[in-house]
Structures are given as C-alpha cells and as structure tokens.
Amino acid sequence: MSQSLPERQVISRRRARRAPAPTPTEGAPEPLAISWGSLLAFAIVLALVIGAGYALGRATAVEPTGAFAKCKTAARTGPHTFAGPPKMCIDTSKTYLAKLSTTAGEIDIAMPAEKAPQTVNNFVVLAVNGYYTGLTFHRSETWVVQGGDPQGDGRGGPGYTLLDEPNDQPWTTDAVGMARNSGGAINGSQFFILKTDWPGTGPGTTAFNHFGTVLGGTQIAAAIKPGDRILSIAISVQ
C-alpha cells in the first residue's frame, strides 16, 4: 500500500504589507520658547514708546500763563472730558475779550463777566487750556451757527453741565450763548452765535446763558459752514 505524500504547505509569494507609519496625533501646539532676554528687550521697547507718548503729550499740552495762570480745568477724565466745571479764576467785575481764529476768519467777542460769571469763567478756562483748538462748527442755519462739540455732531461736551444764568441781555444779531442738551441742562462747551435776531419771540423763559456779544467778524460768523474749524481762541482782559 502506497503511502500518500503529505500535503505541501503553500507559502504565499506575496510580500506582507508593511503597516503604515503612525500618523502624529493632533493636539495642542508645543509652547513657543521665548527667552528671558527677548522678554526684557520687548519690555524696554514698550516702556520707551509709552514714555515718548507721555512726553509728547506733556510737550504739546497748553499751559495757561500770565493773568490766566490759575485758570485750570478740573481733573481730566478723558481726551475732552473733565470731572466737573472749573473753579472760578476770573475777576467778575471785568469784561473779557475772546478772539476766535477760524478757518473762515476771525471773530471778536466781548464777555462781561458780571452778566454770566460762571459761564464766562468756564469759557475762559476752556479757551486758555486749548480745549477748543481744532474743534468744528457742526451746525449752521440761517439764523445761528454752533460749535464747541468735541464729537462734532452736537451730542458731545466736556463731561459736565452748567447752571442756568438767565440775564436781561437781548437775543439779537451777534448774541453769544451756550447750547442746551436735548431736554436737559446747559452744555459745558457748546456755544452759538446768532446771525440774526432769534426767530419768533425768542427762547422765552428758557435760559441759554447769554454770555457775550460779537464786536467784530459778524460777516465771518454768517459765512461759517458745518466743518469749519476753530484754529485757536485768544483771551484778554478789556
């Protein structure tokens, strides 16, 4: 009886597939290595930039001098805002003169302090501290021109309001007064100049703190357009 041969073991000629290289697991990136030297250099540069900005601000700040050296604003709370109205620094028995240099020309205003002492004092302090420099006239109608708003849209101010100071000065051509906030108190910085008499019967019993009268430059005031700027305001005592 013949003996059967054992079955051959079949060996695959195909090569075994290599397992793919493991894909790196996505995760948080490795922290960026920053040397202490780099941090120190950055801190020094930042300090120099801040210091230069502070020095520039101090250098360009307007400092009242002479008769107005004591006319300081209250503590600053923002670029054009303060903690409250300024302290009294003017002589209420004097008349003060304001020379407005604008992009349309010059306007001279007489401000008798006895008629509206707080309002005149406020205007003088803001003017000698450079508050109005660069601000625009945002409103110009047939009978009035208005400016002194740091926002330039009639809604801004110095962060405070003024008390009413009604007086008997007439609201006729060349009268200068302070604007009122909508439904509120006297705005601390916005002022207006009448190009003509106040229309109709005037403001009635509502106070707008008449504090000055144009002495020269009536035609300039009449020609001012929205966007015209105040270049400077010089204050003197009559």
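Between Thr77 and Asp164, what's the calculated FRET efficiency when r is the beta-carbon distance and R0 is 30 Å? Round to 0.05.
It comes out at approximately 0.80.
Residue by residue through the stretch 76-93, which ³J(HN,Hα) values in whole Hz follow from phi under the Karplus form 6.51 cos²θ - 1.76 cosθ + 1.60 (θ = phi - 60°), with glycine and proline marked x?
6, 10, x, x, 9, 10, 9, 5, x, x, x, 6, 5, 10, 9, 8, 5, 8
Roughly what would the spin-label model give for Glu106 and Ala185, points 7 Å off Cα along C-beta, in nm?
Each label point is offset 7 Å from its Cα along the Cβ direction, giving 3.6 nm.
According to a simple spin-label model (label point 7 Å from Cα along Cα-to-Cβ), what is the distance in nm between Thr65 and Leu215?
Output for this residue pair reads 2.3 nm.
Could you derive backbone 3J(HN,Hα) for the stretch 97-109 from the dihedral phi with the Karplus parameters 6.51, -1.76 and 1.60 (θ = phi - 60°), listing whole Hz in sequence and x where the residue is Gly or Pro?
10, 10, 9, 8, 9, 10, 5, 9, x, 9, 10, 9, 10
What is the set of long-range amide H partners of Val144 at a cut-off below 5 Å, with H atoms built 1.01 Å from backbone N?
Lys195
When we measure straight from the Cα of Lys70, which aspartates and glutamates land under 18 angstrom away, once same-chain ones fewer than 8 places off are left out?
Asp91
Taking the stretch 81-159, which chymotrypsin sites (Phe, Trp or Tyr not before Pro) meet the DSSP loop condition and have no more than 14 other C-beta atoms within 10 Å?
Counting only loop positions with at most 14 other Cβ atoms within 10 Å, the chymotrypsin sites (Phe, Trp or Tyr not before Pro) in the stretch 81-159 are Trp143.
For Lys195, which lysines qualify as cross-link partners when the Cα separation must be under 28 Å and same-chain residues fewer than eight apart are set aside?
List returned: Lys94, Lys99, Lys115, Lys225.
Cα gyration tensor of the stretch 95-237, axes a ≥ b ≥ c as square roots of the eigenvalues: rounded (a/c below 1.5), prolate (a/b > b/c) or oblate?
Verdict is rounded for the stretch 95-237.
I'd like the FRET efficiency for Met88 and Leu231, computed as 1/(1 + (r/R0)^6) with the beta carbon distance as r and R0 of 35 Å, rounded to 0.05.
Once rounded, the FRET efficiency stands at 0.80.
Calculate the dipole size of the stretch 78-200 relative to its Cα centre from +1 charges on Lys and Arg beta carbons and -1 charges on Asp and Glu beta carbons; express the result in debye to the nearest 20.
Dipole of the stretch 78-200, to the nearest 20 debye: 280 debye.
Using the Karplus equation 6.51 cos²θ - 1.76 cosθ + 1.60 (θ = phi - 60°), what ³J(HN,Hα) coupling, rounded to whole Hz, does each residue of the stretch 219-232 give in order, writing x for Gly and Pro?
Once θ is set to phi - 60°, the couplings for the stretch 219-232 become 5, 5, 4, 5, 8, 5, 10, x, x, 4, 10, 8, 7, 5 Hz.
Could you please state, rounded to a whole Å, how far the C-alpha centre of the stretch 191-223 is from the C-alpha centre of the stretch 157-187?
Spelled out, the Cα-based centre of one part sits 11 Å from the other.
No value in this document is a laboratory result; all are computed from the given coordinates. Quick caveat, the model's predicted, so the values are computed rather than measured. Note that we place each Cβ from the backbone using ideal geometry, even for glycine, and neighbour counts take in every protein chain shown.
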